[in-house]
Amino acid sequence: MTQPSDSILILDFGSQVTQLIARRVREAGVYSEIAPFTAAQAAFDRLAPKGVILSGSPASVLDDDSPRVPQALFDSGVPLLGICYGQQVMMAQLGGAVTRGDTGEFGHAFIDVADGCGLFNGLWTEGERHQVWMSHGDKVSGLAPGFRAVASSPGAPYAVIADDERRYYAMQFHPEVVHTPDGARLIANFARHVCGLSGEWTMAEFRATKIAEIRAQVGTGKVICGLSGGVDSAVAAVLIHEAIGDQLTCVFVDHGLMRSGEADQVVSLFRGSYNIPLVHVQAETLFLNGLAGVTDPEAKRKFIGKTFIDVFEAEAKKIGGAEFLAQGTLYPDVIESVSFTGGPSVTIKSHHNVGGLPERMNLKLVEPLRELFKDEVRALGRELGLPDAFVGRHPFPGPGLAIRIPGEVTKERCDILRKADAIYLEEIRAAGLYDAIWQAFAVLLPVKSVGVMGDGRTYDSVLALRAVTSTDGMTAQAFEFPGGFLPRVATRIVNEVRGINRVTYDYTSKPPGTIEWE
């Protein structure tokens, strides 16, 4: 990608919330990228950033083999912002001191602002108290030359430190998480005020740049794109089609594991609204036969992924002449598929296919969304004119209904779940709640219960409903429906869906760092 001239580089030391730092920078209108600390120098040289942010880490700077910052970054004159471990490693390398705390400081905390600094410009002033989110055991016990303390908490005497001359700032808490109310504004202050960036990175700019890149990469070659039915691959396909027209052919492998009406929506959108060449492969029988008797969730994912590749490869051979493969790979997929530190951030979603098609296909990858987060993909989709009802759909990962059916997946169970799930979403939309919820879905549990319906006893399945809110896709809270909603939905499902006699609601929330929804 042709990088924007104004950018921020984020060095990942293994924090489970590093992605959120990049999101906050981009929310400030500044392009950002994450690189593992092991590739820091190469990323710095390539990106030529106007600022660098050092992430947190599960490591301790007091250990001999702990991650470090290349000295060249300190010598570059570029502004630095250290977060948690990032603060500690700055002090350890610049002449300060770090000690192991007798007790850690985790969760909500309050810091007292003792002085002003460039990072607080127009935001915090001396004498104020502000809520933050702490998560640390070690702490800074001595400042490096040139630094001064500008805020403190009972557990962190150097909660925020500043060296305005060198434009070095660091904090013990995590500004990137929503639990620090002013955190996004602090990061924006670093990008806009400290680094002096304009904040003019927009999706329209990304669109124009990416179209030019696709044309330059593909030339007169043919591209095939595997549609999953989700937002990511659809946006990628529409963007590529805008760049190269009928040089693109899409292959939609209909595995029979999608929600009610979604397969028809994909075909209608691409053939009708966009007139994009589309091969629609009806493969429900193949997938369901292969899933017969399979109960392990990981085995389901692997079978679905492998079978999708096999079907796609067979169709690609029929098309012939393709030199490029288009995928809807997103930035989180890329980050999670790179082993940065061995910490929590290396978790890989096994159903994602990041550059994972067989080498025998001998196709070069076109991944136009590789630098974007999910909400940015939605924004690009709207920029491209895709209907909001499509780009605003709740996330529904690739294995689809297969991972919403614990136990064996059958046609009968898929149809039961599909109908119940459709009623659930229909009621959510009718109540005007769809856009207030980040993700809602039904799960057909591998449990049956005895019930009485009318004059007869029943022995049917139990259905679980789930709905969560999220601002970042990394943390979530159970959505609290208004009174009367859940009884109404439960009544409809039990009355209208044969095979279900009990409905329950999952009130579980997801803690910081959770990135799986299955």
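The values are calculated or read from the model by the stated rules, or taken from the named source; none is laboratory data. Every value quoted in this text rests on a predicted model; they were computed, and no experiment measured them. So basically every Cβ, Gly included, is an ideal-geometry build from the backbone, and we count neighbours across all protein chains shown. Ligands, DNA and RNA are excluded from the accessible area calculation, which covers all protein heavy atoms including side chains. Shrake-Rupley method; radii C 1.70, N 1.55, O 1.52, S 1.80 Å.
For GLU298 and PHE74 in one chain, what is 0.36 nm times their gap in residues minus the Cα-Cα distance, to one decimal in nm? List each step's numbers first, then the result.
Values: separation 224, 0.36 × 224 = 80.64 nm, distance 4.42 nm.
Fully extending the segment from GLU298 to PHE74 adds 76.2 nm.
Rounded to a whole number, what % of the accessible area of the stretch 112-252 do carbon and sulfur atoms account for, probe 1.4 Å?
47 percent
Can you say what percent of the DSSP beta bridges in the chain, counting only those with both residues inside, are antiparallel? Round to 5.
Roughly 50 percent of the beta bridges in the chain run antiparallel, per DSSP.
For ARG498 and PHE106 in one chain, what is 0.36 nm times their gap in residues minus the Cα-Cα distance, to one decimal in nm? Can you show the working numbers first?
Values: separation 392, 0.36 × 392 = 141.12 nm, distance 4.81 nm.
Working it through step by step, the gained length comes to 136.3 nm.
For the chain, state the semi-axes of the equivalent ellipsoid (square roots of 5 times the eigenvalues of the alpha-carbon gyration tensor), sorted largest first and rounded to whole angstrom.
Working from the Cα gyration tensor, I get semi-axes of 43, 30, 20 Å.
How many angstrom lie between the C-alpha centres of the stretch 278-311 and the stretch 55-99?
46 Å
At a threshold of 8 angstrom on Cα-Cα distance, excluding pairs fewer than six apart, so keeping six or more, what relative contact order does the stretch 177-310 reach in percent?
Once normalised by length, the contact order is 18 percent.
Hey, with R₀ at 60 Å, roughly what FRET efficiency would THR285 and GLU200 work out to, going by the Cβ-Cβ distance, to 0.05?
Once the sixth-power term is evaluated, E becomes 0.70.
So what is the relative contact order for the chain, in percent, with contacts set as C-alpha pairs under 8 Å and at least six apart?
Averaging sequence separation for qualifying contacts and normalising by length gives 12 percent for the chain.
I want the local charge near ASP164. Using Cβ-Cβ distances under 14 Å, sum +1 for each Lys or Arg and -1 for each Asp or Glu among the other residues.
Neighbourhood net charge equals 0.
Compute the angle between helix 297-319 and the longest alpha-carbon principal axis of the chain, please, reported from 0 to 90 degrees and rounded to the nearest 10.
70 degrees
Classify the stretch 59-134 from the C-alpha gyration tensor, please: rounded if a/c falls under 1.5, else prolate or oblate depending on whether a/b exceeds b/c.
Cα axes put the stretch 59-134 in the oblate bin.
Could you state how much accessible area GLU200 has, in square angstrom rounded to the nearest 10, with a 1.4 Å probe and all protein chains kept in place?
130 Å²
Divide by every residue of the chain the summed helix terms, -39500 (n - 2.57) for each DSSP H run of at least 4, and state the resulting mean residue ellipticity at 222 nm, rounded to the nearest 500 deg cm²/dmol.
Calculated mean residue ellipticity at 222 nm is -9000 deg cm²/dmol.
Rounded to the nearest whole Å², what accessible area per residue is found for the chain with the 1.4 Å probe?
Spelled out: the 1.4 Å probe surface of the chain, per residue, equals 40 Å².
For THR125 and SER268, FRET efficiency with R0 = 56 Å and r from the beta-carbon atoms, rounded to 0.05?
The computed FRET efficiency comes out at 0.50.
Taking 2.2 N^0.38 Å as the expected size of a compact globular protein, what ratio does the Cα radius of gyration of the stretch 195-328 give against it, to two decimals?
Compactness ratio reported: 1.22.
Within the set LYS222/LYS364; LYS210/LYS318; LYS419/LYS448; LYS374/LYS411; LYS318/LYS364, which residue pairs have Cα atoms separated by over 22 Å? Each step should come with its number before you reach the end.
Values: LYS222/LYS364 11 Å; LYS210/LYS318 29 Å; LYS419/LYS448 18 Å; LYS374/LYS411 31 Å; LYS318/LYS364 18 Å.
Distance filter (> 22 Å) returns LYS210/LYS318; LYS374/LYS411.
With r as the distance between the Cβ atoms of LYS364 and ALA212 and R0 = 22 Å, compute the FRET efficiency 1/(1 + (r/R0)^6) and round to 0.05.
After rounding to 0.05, the efficiency reads 0.80.
In Å, what Kirkwood hydrodynamic radius results for the stretch 122-230 from the alpha-carbon pair distances? Walk me through the numbers before you get to the answer.
Values: mean 1/r = 0.0563 Å⁻¹.
The Cα-based Kirkwood calculation yields 17.8 Å.
What percentage of the solvent-accessible surface of the stretch 2-101, computed with a 1.4 Å probe over protein heavy atoms, is contributed by carbon and sulfur atoms?
48 percent
State, to one decimal in nm², a quarter of the convex hull surface area for the C-alpha atoms of the stretch 383-459, i.e. the direction-averaged projected area.
The orientation-averaged projected area of the Cα hull of the stretch 383-459 comes to 7.3 nm².
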